[in-house]
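Taking it in order: structure first as structure tokens, then the write-up.
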Amino acid sequence: MLELERRTIGKLSARLVPFLIICYFVAYLDRVNVSFAALTMNQDLGLSATAYGLGAGIFFFSYFVFEVPSNLALERFGARRWIARIMFTWGLVSGAMVFVRGETSFYVVRVLLGAAEAGFFPGIIFYLTLWFPGVYRARIIGWFMVAIPLSTVFGAPVSSALLGLHGFGGLKGWQWLFLLEAVPALILAVVTWFYLTDRPADAAWLEADEREWLTQRLAEEQRQREAVHDISVLRALIDPKVLALSVVYFGGVATNYGTAYFLPQIVKAFGLSNVQTGFVSAIPYVVGSIGMVWVGHRSDRHMERKGHAAVAFALAAIGIGLSPLFDDPTVKMLFLSIGAFGVFAVLPVFWTLPTAFLSGASAAAGIAVINSVGNLAGFFGPFAMGALKDATGDYAAGLWVIAACAVLSMVVVLALHHDRRLEEAPSTTPA
């Protein structure tokens, strides 16, 4: 039985994880490439730091509005169709940034991008619960979400280099950036339609015994969760634990996007060129990707969630909070890298918390609520950074505010009850 489990999980990982990493890599790059475009776009369009922060963050308002309906639609129509639809529409809208001419059009396209992308990330998290038993989820989510830091590790040098196309074909460099980086999403939308499989029962690429074992194991885990937490879709929308996890995620998202949308501008202030800025900005994300994968594996190995999440939040707060105290670029980047380790390490561990007690349609709804409410911090973080930069003349106050958000998340996650037994198979099988 153990050999069957290993063989099945190995096939699942090889089939699904690399492809989903590529999809999320493209999604996240299209969401944050505006941070590199801003190196020249802000001046071309006459955007202040406040206006840029508002435009960067307003994405999350429409994202919030459409998140839950989108995730319920995914559960209703299947991941293959719905994720392909999401990728195609966000590719179109991301490319439409080429037509931005000022503050108003910048805001409009960012709102449309949020609506187009709504449901992609929580949909994938929900999709992974349909395929991977609980004991594997932190490491699998960690590998999937490593696309976030990697999108900057590889995307930062590429995005900054694309700014060098300024004037080619009559377009600005930042217009070429948006145009060319929208193409992969459109291609992947077509591939997704043919490649993804909705549920294990439909997986012709698994052997019959592998499908049977996986279907039975996941059904047993679902029955075990429902015996303890039988939560309806409507109740999942207002469940106290779901709302508390939304607060935790709010702090995590604030620390992530508050730094992500302004890091290239902080680094550029060191006196670097656009290309140099791209490479240096990638450093914290390299560290973050290591933290994400390592902590996800460690959390699964010890089957411990709260302590890992709390320590990661503490590192995020320490790194981000102390970075403004130093003018030396090397020391500042060291602390920002420590912060990035914590910011990204918490993510795979965090997403095991709701999937431990939610299942079925209630999981689709609950995960979407947590992600949508938490992602309102995607507006708060960048807007706070931009407004405080205009008010004070530097980024220190903004970085302290988002570091405080990480502290809040650490406190709340420590106060939450988490039953680790709900992540184990009814007949415990070694991981």
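Taken together, the values in this text are just the output of simple stated rules run on the coordinates, not laboratory data. These numbers come from a predicted model, not from an experiment. So basically every Cβ, Gly included, is an ideal-geometry build from the backbone, and we count neighbours across all protein chains shown.
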Check your understanding: Over segment 117-276, what is the mean sequence separation of C-alpha contacts under 8 Å (at least six apart), divided by residue count, expressed as relative contact order in percent?
Key -> 26
Check your understanding: With +1 on each Lys and Arg Cβ and -1 on each Asp and Glu Cβ, how big is the dipole of the chain about its Cα centre, in debye rounded to the nearest 20?
Key -> 100
Point to revise | Given the chain, longest segment not containing exposed loop chymotrypsin sites (Phe, Trp or Tyr not before Pro) (DSSP; at most 15 other Cβ within 10 Å) | key: 1-204
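Averaged over all directions, how much area does the convex hull of the C-alpha atoms of segment 87-198 cover when projected, in nm²?
Working: hull surface 32.8 nm².
Here the figure is 8.2 nm², rounded to one decimal.
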Check your understanding: Once all Cα-Cα distances of segment 1-104 are split into 5 Å bins that start at 0, what whole-number percent is in each one?
Key -> 2, 9, 15, 18, 16, 12, 10, 7, 5, 3, 2, 1, 0
Practice item. Between L347, L218, L113, find the one with the highest GNM mean-square fluctuation for the chain; connect C-alpha pairs within less than 10 Å. Key: L218
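Please report the orientation-averaged projected area of the chain, defined via the convex hull of its C-alpha atoms, in nm².
Numbers: hull surface 75.0 nm².
Averaged projected area of the chain's Cα convex hull equals 18.8 nm².
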Check your understanding: P(r) tail for segment 247-348, what percent of Cα pairs lie past 24 Å?
Key -> 23
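Are any of the pairs K306/K332; K172/K268; K172/K332; K241/K306; K332/K389 more than 23 Å apart by Cα-Cα distance, and if so, which? Can you show the working numbers first?
Details: K306/K332 29 Å; K172/K268 19 Å; K172/K332 32 Å; K241/K306 14 Å; K332/K389 17 Å.
The answer is K306/K332; K172/K332.
Based on the Cα gyration tensor of segment 313-405, what are the three equivalent ellipsoid semi-axes, each the root of five times an eigenvalue, rounded to whole Å and given largest first?
On the way: eigenvalues 192, 56, 11 Å².
Here the semi-axes work out to 31, 17, 7 Å.
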Study note, to complete from the structure: The ³J(HN,Hα) series, computed from each phi in segment 42-59 with the Karplus coefficients 6.51, -1.76 and 1.60 at θ = phi - 60°, rounded to the nearest Hz and given as x for glycine or proline, is 4, 5, 4, 9, x, 8, 6, 4, 5, 5, 5, x, 5, x, 5, x, 5, 2
Study note, to complete from the structure: Ranked by GNM mean-square fluctuation in the chain (Cα springs under 10 Å), the top entry among D198, D328, D30 is D328
Review point. Could you put S362, S62 in order, starting from the residue whose Cβ has the fewest other Cβ atoms within 10 Å?
Key: S62, S362
